[in-house]
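The values are calculated or read from the model by the stated rules, or taken from the named source; none is laboratory data. Given the structure is predicted, the values throughout are model-derived calculations rather than measurements. Here Cβ is always computed from backbone atoms with ideal geometry, including for glycine, and neighbour counts include all displayed protein chains. We work out accessible area using only protein heavy atoms, side chains counted, and drop any ligands, DNA or RNA first. Shrake-Rupley method; radii C 1.70, N 1.55, O 1.52, S 1.80 Å.
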Amino acid sequence: MPAGTDEGGSPREGGDPASSAPALTEESIEAHVAQALEAIARAGDLDGLKEVRLAHAGDRSPLALANRAIGGLPGPEKAAAGKLVGQARGRVNQALGRRQQELEAERDERILVEEAMDLTVAPGRRPLGRRHVLTVTAERMADAMVGMGWEIAEGPQVEAEWFNFDALNFDKDHPARQMQDTFFVEPAKAGLVLRTHTSPVQARSLLERGVPLYVAVPGKTFRTDELDATHTPVFHQLEGLAIDEGLTMAHLKGTLDRLAEAMFGAGIVSRLRPAYFPFTEPSAEMDFRCFVCRGEPTATPCRTCGGTGWIEWGGCGMVHHNVLRACGVDPERYQGFAFGMGVERTAMFRHGIADMRELIEGDVRFNAQFGMEI
Ligand code: DAH
């Protein structure tokens, strides 16, 4: 084997100039150790310590080079130099080990604090939305009618005065026109109103669908009422209209009883009291049996019905001949009945809601009470 270039020359392979002939004196080794210990003490985190380790205990560190240089010393000096460098490296490695432990302990402690999870924090769950109690009530009422074989009809909220009043036998100067506090839509000559009731859909359905006809109309209605516990300018009604041969008030009564049962429980019936509406003759106000006391005498007056045993629900009657005629229906052959009641009132009684304003204020906590009904 030919002699290598390093042999006998530089003690380092590769001829690294920085590492040529490291001094192997006690002072110089001690100086390296002192530098290393100082750097170790200064290392503020594990990454910093890694660099210090590389610089002071790595392959190219002064002490590693010194160690390698021992091989080039004359035989008798090797043992002492080996001991000197070996002890020096041992001290540095120990110091590195201790600092490593300290820094790891600091890191672990910091992680415990920084990454701690507060198991008592309420989870950020999104609350479920709910359908509004009025929507659900109106749908339940309409469903009860569909269950009796009726169809659902709808009409516009901005309605022709003719449908809202004229077709329903309200004379131009009929005082009943003032009975309802109407929102008139400008310009006045356009003859448009915000419908004051769902009854205009009676005429619309008769004209569109013809007879025989059984339609229920849930919908939004408007009157110039101030908002208070029992009034709101925007409210909802359920209208019913049945036109056929041979219909009588007994059919009206039976239909209302079924609807009352569907909304307030088995055995709840309706009653009729004489009243006046231009579009029905005879006309009646309908009440339903109080679903709390059921008309039975109680020790203190029932709080739901005020002790009367009945709760007012809406208006009804036999459809006026003039309405049938306005819609091209022969009153000699076809008769019918109609009714209309408030959805708000129905929901309030069904759920014990005391103040109508709660229905429209839109507080999700209010609506959430009624649960989810699809
Ligand atoms: N439209 C009436 C109102 O809003 C209620 C009503 C009464 C409707 C009698 C009817 C009816 O269909 O026959 O006050």
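Here are some notes:
- Divided by 2.2 N^0.38 Å, where N counts the residues, the Cα radius of gyration of region 111-234 comes to 1.70.
- Our analysis of the chain gives Rg over Rh at 1.66, with the two radii drawn from alpha carbon positions and Rh computed by the Kirkwood formula.
- Surface accessible to a 1.4 Å probe, M141 within the full protein complex, Å²: 0
- Translational diffusion coefficient (Stokes-Einstein; Kirkwood radius from C-alpha pairs) of region 17-114 at 20 °C, 1.002 mPa s, in µm²/s: 149
- When V319, V121, V269, V364 are compared by accessible area of protein heavy atoms, the largest-first order is V364, V121, V269, V319, using a 1.4 Å probe.
- Relative contact order of the chain, pairs being alpha-carbon contacts under 8 Å that are 6 or more residues apart, as %: 14
- Cα→Cβ-extended label distance, 7 Å offset, between A122 and E109, nm: 3.6
- Between the alpha-carbon centres of region 211-240 and region 45-110 there is a gap of 91 Å.
- Since only Q202, C290, I111 are under comparison, the one whose Cα sits farthest along the positive direction of the charge dipole of the chain, derived from C-beta charges on Lys, Arg, Asp and Glu, is C290.
- Other residues lying with their Cβ under 13 Å from the Cβ of E115 contribute a combined charge of -2, Lys and Arg counting +1, Asp and Glu -1.
- Partnerless cysteines, meaning none of the other Cys C-beta atoms lie under 4.7 Å away, in the chain: C316, C327
- Here the sum of -39500 (n - 2.57) over DSSP H runs of 4 or more residues, divided by the residues of the chain, equals -12500 deg cm²/dmol at 222 nm, to the nearest 500.
- For T230, the amide hydrogen comes within under 5 Å of the amide hydrogens of M356, counting only partners 5 or more places away or on other chains and with H modelled in the peptide plane.
- Largest-first principal axis extents, alpha carbons of region 190-301, Å: 57, 42, 24
- Sorting T346, T230 by accessible area puts them as T230, T346; the probe is 1.4 Å, largest comes first, and only protein heavy atoms count.
- Computed from Cα positions, the angle between helix 133-147 and the longest principal axis of the chain comes to roughly 50 degrees.
- Remark: the chain carries a charge dipole of roughly 560 debye about the Cα centre, counting +1 on each Lys and Arg Cβ and -1 on each Asp and Glu Cβ.
- Charge dipole of the chain about the Cα centre (unit charges at C-beta), most positive-ward option of L96, Q369, G265: G265
- Sites A229 and T304 - FRET efficiency at Förster radius 22 Å, r taken between beta-carbons, to 0.05: 0.90
- Nearest-10 value in Å² for the accessible area of E30, using the 1.4 Å probe: 90
- Choice from R131, R99, R294 showing the highest fluctuation, given a GNM over the chain with Cα pairs closer than 10 Å: R99
- Fluctuation leader among R125, R350, R53 - the chain, Gaussian network, Cα springs under 10 angstrom: R53
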